1. State the extension gain, in nm to one decimal, for the chain segment bounded by GLN485 and ASN508, taking 0.36 nm per residue of separation less the distance between their alpha-carbons.
2. How would region 397-438 be classified by its alpha-carbon gyration tensor: rounded, prolate or oblate, with rounded meaning a/c under 1.5 and the a/b versus b/c comparison settling the rest?
3. Tell me the carbon and sulfur percent of the accessible area for region 109-188, rounded to whole percent, probe radius 1.4 Å.
4. Just to make sure I understand: if all protein chains stay in place, what is the order of PHE439, PHE492 by accessible area at 1.4 Å, largest first?
5. Tell me the Kirkwood radius of region 230-278: reciprocal of the mean inverse pair distance over distinct alpha-carbon atoms, in Å.
6. Applying 1/(1 + (r/R0)^6) with R0 = 56 Å to the Cβ-Cβ distance of SER198 and VAL99, what FRET efficiency is obtained, to the nearest 0.05?
7. Output the peptides 229-238, 174-183 sorted from most to least packed, where packing is the average of other Cβ atoms within 10 Å over each peptide's residues.
8. Using Cα-Cα distances under 8 Å and only pairs 6 or more residues apart, what relative contact order does region 370-478 have, in percent?
Amino acid sequence: RGTQRKNFMCFNVFFSFRIYEEGKESIPEHPYLCETDVEICLIGGNCKSPIERFWNGNNMIYILQKATHNEESDPVEESKPDDTSYASELLPKESSGPVALSVRRAKQLISLYTMVQNPNMSHLKTGELVVLPPLGIRCDGSDPEHTCWLGAEPLKAGKKITGINLYMVTCDGPTADKSCFANLEELITAHKTMHHSSIVMTKGSAQYELLRAAALEDTTVESKSNIYVDMTWNTVNKILETPPLTSAATLNITLEAGDPGSPVYQLYRELQFLLALAEGLKTGVTQWPEPLESESAVEQVQELLTDLKNKLDRFYISENENRTEKIKCDAAAVDSSIKSVFSERGDLDFAEQLWCKMRSKCVSSYQELIECFTPVIKSLERGEIQPWIHQGSSSLLSKLIQQSYHGKIEVVSLSGITPIQMLLEIGLDKMKKDYVSFFIVKSASSLLFQDYFISTSVDLQEQVHRVQKLHHMLEIMVSCTVLLQFKHENLFPLTQICMKYYKENPLNEKHVFQLPIRPAVVKKFCQNDDPEIWKVDISSGHGQKEVRTTWQVSTNPPVEHMTSNNTGLFSDSTVNGSSEERMYYIAMAKCSQVHFT
């Protein structure tokens with residue numbers, strides 16, 4: 001048995017070193033089969049560690065979990081695999097999700113890892129000692145303490161390993177019974193006793209979900225958007241205390257565009273029409289919308305032309321007034337402060353008014369699109385209209401209008417992709433100006449960003465993609481303005497953060513935008529709402545000798561591998577039969593140190 005254990009450990013040393021060396025080049029995408037019942041993952045780079053809330057590792061960490069393809073147990077008793085089987089085990093293994101190991105098995109693996117990192121175990125002849133990344137092992141909570149993680153991390157002095165930190169995370173719940181919560185003084189006393197410390201420091205952290213707390217009452221569609229704030233502060237006085245105004249606060253924003261409850265939902269629908277045109281231009285197949293009103297787009301365009309013919313050289317904003325009224329009507333159920341956040345510009349030129357007519361009345365076919373443009377071009381050719389357009393407009397229609405000022409325009413054939421491209425161009429021009437107008441007025445952003453977002457030097461598809469980015473940014477700004485009453489001091493830096501990100505990255509509605517803010521900005525939410533996560537860290541010692549105890553409550557399970565399938569561990573419970581109290585999972589992390597020298 002001793003020989004088997006020795007061989008197994010030597011195998012694991014070589015295997016771990018192999019994975020670690022590969023990880024230096026690139027992090028493996030899938031778990032590797034380490035033993036018949038164990039998979040190993042190397043987490044690092046931009047990947048979020050699943051245990052970062054409980055202890056701070058370095059840039060990389062091993063995660064061990066149960067291999068999902070095999071139910072065999074106690075591989076310590078297995079014989080050493082031959083060279084052929086060993087080579088196959090280095091292939092990455094697909095897994096449907098993380099599965100925990102038994103606590104007993106996890107303790108075996110922690111012991112082996114500790115022995116491997118112990119420089120005094122030279123008699124095992126494991127070769128050159130390599131300082132491995134920290135280790136975390138998923139546990140199934142089968143012990144009385146409900147252990148969900150076991151971990152280890154080498155202590156170093158230069159390149160020399162001097163000891164190891166051992167971690168244990170336990171969890172229970174959910175429960176609404178606050179009498180189950182720990183007492184801060186008892187936690188501090190237990191920490192002092194365990195680590196023989198006379199002086200301890202406490203640090204609190206809390207997370208509040210703001211979007212849910214400030215959600216509009218008439219919003220019935222479920223949204224994947226999330227706005228929450230993380231608060232941290234020193235010196236905790238009691239469990240679940242409200243973060244003080246001296247806290248450090250960071251706003252985290254993930255916003256999905258297209259919420260029907262948004263005050264800019266009509267603009268989102270306008271963007272969708274633009275995207276349909278861009279897709280049609282790219283694929284040759286345009287998904288035309290169903291007509292919404294009995295009056296056709298052709299009739300609306302003809303009315304616009306008639307009005308211009310009768311009142312030549314005047315710029316009219318009647319369409320603007322009508323559309324502003326429509327926005328007000330659509331937002332009737334929303335608070336008056338929302339209505340004023342984004343309103344239609346008052347300087348729509350002819351091309352933009354034409355876009356509004358064709359979009360709002362839903363051009364529903366390619367033939368109808370041609371019928372809309374034909375009278376416009378004929379009126380320009382005959383000199384019947386000389387409409388006003390914005391300086392710098394780059395669309396083909398704008399160029400034709402400019403040519404009409406001189407009495408002659410080039411011949412344009414309304415065939416092939418030309419009509420779709422013409423409509424797409426005037427829509428792009430109009431929507432770019434809409435977004436720029438908002439960012440300049442609301443967030444006082446400088447004109448420096450515009451070169452990228454409204455550039456016409458790139459192809460139409462890329463221009464559309466950048467307009468999508470502008471809309472996502474707009475939804476973020478509007479949500480913060482309306483729901484959180486953001487002022488310029490917060491809107492301006494948030495705008496700059498979003499612009500910087502989108503200059504360097506593609507559209508990503510799952511990205512979390514982070515903004516440091518003053519705690520006073522979210523004071524009412526923290527005072528009136530329960531936190532999603534509340535945590536206290538109790539620490540003593542410094543540097544390599546620092547040890548920490550963490551106590552945390554959270555509304556969601558603190559570990560992904562522990563679900564309601566673990567009967568008795570995560571079970572629903574209420575107080576006095578009431579389900580109105582917020583349910584919390586309770587987690588606690590402890591650490592201890594073993595010194596080798």
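The values are calculated or read from the model by the stated rules, or taken from the named source; none is laboratory data. These figures come from a predicted structure and were not determined experimentally. Positions of Cβ are backbone-derived with ideal geometry, glycine not excepted, and every protein chain shown enters the neighbour counts. Keep in mind that these areas ignore ligands, DNA and RNA; they rest on the heavy atoms of the full protein, side chains included. Shrake-Rupley method; radii C 1.70, N 1.55, O 1.52, S 1.80 Å.
1. Working: separation 23, 0.36 × 23 = 8.28 nm, distance 2.48 nm.
Taking 0.36 nm per residue and subtracting the Cα distance, the gain is 5.8 nm.
2. Working: a/c = 6.52, a/b = 1.44, b/c = 4.53.
Oblate, since a/c reaches 1.5 and b/c is not below a/b.
3. On the way: 1790 of 3380 Å².
Summing carbon and sulfur atoms, their accessible area is 53 percent of the total for region 109-188.
4. On the way: PHE439 0, PHE492 75 Å².
Result of the area sort, largest leading: PHE492, PHE439.
5. On the way: mean 1/r = 0.0683 Å⁻¹.
One decimal place: 14.6 Å for the Kirkwood radius.
6. Working: r = 43 Å, r/R0 = 0.76.
Once rounded, the FRET efficiency stands at 0.85.
7. Numbers: 229-238: 16.4, 174-183: 14.4.
Listed from highest to lowest mean packing, they are 229-238, 174-183.
8. 22 percent
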